[in-house]
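My questions will all concern the structure given below.
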Amino acid sequence: MKAGGEVALSPIDFRILAKDKDSHARLGELRTAHKSVATPVFMPVGTQATVKTMTPDEVKEAGAGLILANTYHLYLRPGHALIERMGGLHKFMGWDGAILTDSGGYQVFSLSGLRKIKADGVWFSSHIDGSRHFFSPEKVMEIQNSLGSDIAMVLDECMPFGSSREYAEASARMSAIWAGKCKDAHDRKDQALFGIVQGAGFEDIRLGMAKELVGMGFDGYAIGGLSVGESKDDMYRVLSYTTPALPEDKPRYLMGVGSPDAILEAVALGIDMFDCVLPTRIARNGTIFTDRGRFIVRDAGSAEDESPIDEGCDCYACRNFSRAYVRHLLKAGEVLGIRLTTMHNVRFMMRFMEKLRASLAEGRFAEFLAEQRIIWSNGGNNGAAGKRTMR
């Protein structure tokens, strides 16, 4: 209670609007301080306070209302204190939608060649200039509080999926302690805080940590340590027992997963939120998502193809340009080429999630799942996307 008996408002509000009768999939709405978004939701990744090659207006036009920014990178450059002086991350990057900031833990453990884990945090070397820095739970909360994101993440260790049981137990214990310290240090009332469940491939460790985090009372819960090299069957197995251990009335976030096939299966298992660099990263290499699967637009087969990138897409690139032109730009090293493929892939992900949500709202998720499984079997690399008729 606030002074005077006023009830303190939660920094987010999550409502389940519909449930699928044949799976654990659910349709929902997530209200944050800056934006309400429909779930399941995919978050484009804006690592350096930008979705690479796109303006904020273009990201918004693509249909995104929630993006992810990276605590580690923004701490190193330009610095969270500067961003705070500039009015916070939303103002700094000209984005009026919602922002989720990760803790930076994954980058510390994956990008830093020199790191030393201690009970109270982790020392690491900057990948930019080699300078030494220390992330504690309290420091990570200070950074994210300064950035002013709508959703902040606790500091955790993203352990390798193939870790030994001894290592997994010790790491999960440490991450749980860090989560508690993050909760104690988090003091921004308009910012939600999510806990992160770790535990590699060990069911009892994952369930034990989930129980402990739920007992702490976070605003939402993430499942981390997946999509780090394990098979998709292993990922789905972990989700099948971890997701039911998380509160049904809180958003559930699968970190670092963004392929359409994995999103489909995770939604069926009860996941609400996703992020991944995959759509924008492969776009810069000339690979696009289409309604028929993946397609490499920079390949020779597009040289004289007058078709749009994806005939079913309404993005700026597909409305205005041919595959032949986009391929030319990519081959010539023109920045417009990767801008157009990125615009398309981000819009594709938004359309994909829109169709997924519509299937839940209309009670036909099972049919949608079956149809999409055929398209995205083998990761969508079935060649169907390239079969076009010249106009």
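Got a sec to turn the phi values of segment 138-153 into Karplus ³J(HN,Hα) couplings, 6.51 cos²θ - 1.76 cosθ + 1.60 with θ = phi - 60°, whole Hz, x for Gly and Pro?
Listing the rounded values in order: 5, 5, 5, 5, 4, 5, 6, 4, 5, 5, x, 5, 6, 10, 10, 10 Hz.
Looking at the square roots a ≥ b ≥ c of the eigenvalues of the Cα gyration tensor of segment 113-206, which shape do they give, rounded for a/c under 1.5, prolate if a/b is larger than b/c, or oblate? Could the numbers behind the result be given before it?
Working: a/c = 2.17, a/b = 1.22, b/c = 1.78.
It is oblate, given that a/c is not under 1.5 and a/b is not larger than b/c.
For segment 311-382, rounded, prolate or oblate, judged on the Cα gyration tensor with a ≥ b ≥ c (square roots of eigenvalues), a/c < 1.5 rounded, else prolate if a/b > b/c? Don't skip to the end; give the middle numbers.
Values: a/c = 3.31, a/b = 2.09, b/c = 1.58.
Because a/c hits 1.5 or more and a/b exceeds b/c, segment 311-382 counts as prolate.
Same structure, new question: Among (i) 1.03; (ii) 0.99; (iii) 1.17, find the value of Cα Rg over 2.2 N^0.38 Å that was calculated from the structure presented, and write down its label.
Given (i) 1.03; (ii) 0.99; (iii) 1.17, the structure-derived one carries the label (ii).
Show which lysines lie in cross-link reach of Lys331 when reach means a straight Cα distance below 23 angstrom and same-chain residues fewer than eight apart are skipped.
Filter leaves Lys52, Lys387.
Additional query: With springs only between Cα atoms under 10 Å, which of Pro160, Pro78, Pro260 fluctuates most in a Gaussian network model of the chain?
Its mean-square fluctuation being the largest, the pick is Pro78.
So, one more: Rounded to whole Hz and in sequence order, give me ³J(HN,Hα) for segment 357-373 from the Karplus expression 6.51 cos²θ - 1.76 cosθ + 1.60, θ = phi - 60°, writing x for Gly and Pro.
Whole-Hz 3J(HN,Hα) from phi for segment 357-373: 5, 4, 5, 5, 5, 9, x, 10, 4, 4, 5, 4, 4, 5, 4, 6, 4.
Something else now. At a Förster distance of 30 Å, what's the computed FRET efficiency of Arg173 paired with Glu354, Cβ-Cβ distance as r, to 0.05?
Details: r = 41 Å, r/R0 = 1.36.
Efficiency, rounded to the nearest 0.05: 0.15.
Using 16 Å as the cut-off for backbone N distance, which residues of segment 217-233 belong to the label zone defined by a point 7 Å from the Cα of Asp184 along Cα→Cβ?
Counting only backbone N, you get 217.
Something else about it: Report, in cubic angstrom per residue, the convex hull volume of the C-alpha atoms of segment 222-331.
Numbers: hull volume 13.3 nm³, N = 110.
Dividing the Cα hull volume of segment 222-331 by its residues yields 121 Å³.
Another question, if that's okay. Give me the extension gain from Asp314 to Ala332: residue separation times 0.36 nm, minus the current Cα-Cα distance, reported in nm with one decimal. If you can, show how the numbers build up before the last one.
Values: separation 18, 0.36 × 18 = 6.48 nm, distance 2.53 nm.
Contour length minus the Cα-Cα distance gives 4.0 nm.
Give the peptides 63-73, 210-220 in descending order of average Cβ contacts within 10 Å, highest first.
Values: 63-73: 22.5, 210-220: 17.8.
Descending mean neighbour count gives 63-73, 210-220.
Rounded to the nearest 5, what % of DSSP beta bridges with both residues in the chain are antiparallel? Please list the in-between numbers first.
Working: 22 of 44 bridges.
The antiparallel fraction comes to roughly 50 percent.
Here is a further query. With every protein chain kept in the model, how would you rank Trp95, Trp123 by accessible area, 1.4 Å probe, largest at the top? Kindly include the intermediate steps, with their values, before the conclusion.
Numbers: Trp95 10, Trp123 95 Å².
Correct descending sequence by accessible area is Trp123, Trp95.
Among the listed pairs Lys35/Lys60; Lys189/Lys211; Lys60/Lys91, which have their C-alpha atoms separated by more than 19 angstrom in this model?
On the way: Lys35/Lys60 12 Å; Lys189/Lys211 25 Å; Lys60/Lys91 15 Å.
Lys189/Lys211, as the Cα separations exceed 19 Å there.
What nm distance separates the two modelled labels at Thr55 and Arg132, each placed 7 Å from Cα along Cα→Cβ?
Each label point lies 7 Å from its Cα, and together they span 4.5 nm.
Now for a separate question. So which GluC sites (Glu not before Pro) in segment 271-367 end up in coil per DSSP with only 16 or fewer other C-beta atoms within 10 Å?
Numbers: sites: Glu304, Glu306, Glu311, Glu334, Glu354, Glu362, Glu367; in loops: Glu304, Glu306, Glu311, Glu334, Glu362.
Taking segment 271-367 and a limit of 16 other Cβ atoms within 10 Å, the loop GluC sites (Glu not before Pro) found are Glu304, Glu306, Glu311, Glu334, Glu362.
Let me ask something else about it. Under a straight-distance cross-link criterion of Cα-Cα below 23 Å, which lysines are reachable from Lys21, leaving out those fewer than 8 residues away in the same chain?
In chain and number order, the partners are Lys250, Lys355.
With the Cα gyration tensor of segment 24-169 giving a ≥ b ≥ c as the square roots of its eigenvalues, does the rule (a/c under 1.5 for rounded; else a/b larger than b/c for prolate; else oblate) give rounded, prolate or oblate? Can you show the working numbers first?
Values: a/c = 2.04, a/b = 1.36, b/c = 1.50.
Because a/c hits 1.5 or more and a/b fails to exceed b/c, segment 24-169 counts as oblate.
Exactly which chymotrypsin sites (Phe, Trp or Tyr not before Pro) in segment 252-360 are in a DSSP loop and have at most 13 other Cβ atoms within 10 Å?
none
I need the peptides 168-178, 239-249 ranked by packing, meaning the mean over residues of other C-beta atoms within 10 angstrom, with the highest value on top. Display every interim value, and only then the final one.
Working: 168-178: 21.2, 239-249: 17.2.
Final packing ranking: 168-178, 239-249.
Here is a follow-up. Per residue, how much accessible area does segment 103-208 show when a 1.4 Å probe rolls over the protein heavy atoms, in square angstrom? Please list the in-between numbers first.
Values: 4220 Å² over 106 residues.
Spelled out: the 1.4 Å probe surface of segment 103-208, per residue, equals 40 Å².
How high is the FRET efficiency from Asn378 to Tyr236, r the C-beta distance, R0 22 Å, rounded to 0.05? Could you put the intermediate results ahead of the total?
Details: r = 16 Å, r/R0 = 0.73.
Plugging the Cβ-Cβ distance into 1/(1 + (r/R0)^6) gives 0.85.
How large is ³J(HN,Hα), in whole Hz, for each residue of segment 309-321 in order, when computed from phi with the Karplus curve 6.51 cos²θ - 1.76 cosθ + 1.60 and θ = phi - 60°, using x for Gly and Pro?
Computed from phi, the couplings for segment 309-321 are 3, 9, 4, x, 9, 10, 6, 4, 5, 6, 6, 10, 9 Hz.
What's log10 of I(q)/I(0) for segment 268-391 at q = 0.17 Å⁻¹, Debye sum over Cα points only, no solvent?
-0.86
Right, next: Could you tell me the calculated FRET efficiency between Lys118 and Ala366, based on Cβ-Cβ distance and R0 = 45 angstrom, to the nearest 0.05? Show your work: numbers first, answer last.
On the way: r = 49 Å, r/R0 = 1.09.
Efficiency computed from Cβ-Cβ geometry: 0.40.
Could I ask something else about it? Check cross-link reach from Lys183 to the aspartates and glutamates: straight Cα distance under 14 Å, and skip same-chain residues fewer than eight apart.
Qualifying aspartates and glutamates at Cα under 14 Å: Glu138, Glu142, Asp156, Glu212, Asp219.
The values are calculated or read from the model by the stated rules, or taken from the named source; none is laboratory data. Since the model is a prediction, treat every value here as computed from it, not as a measurement. Heads up, the Cβs are rebuilt from the backbone with ideal geometry, glycines too, and the neighbour counts pull from every protein chain shown. Accessible surface is based on the protein model in full, side chains and every heavy atom, while ligands, DNA and RNA are left aside. Shrake-Rupley method; radii C 1.70, N 1.55, O 1.52, S 1.80 Å.
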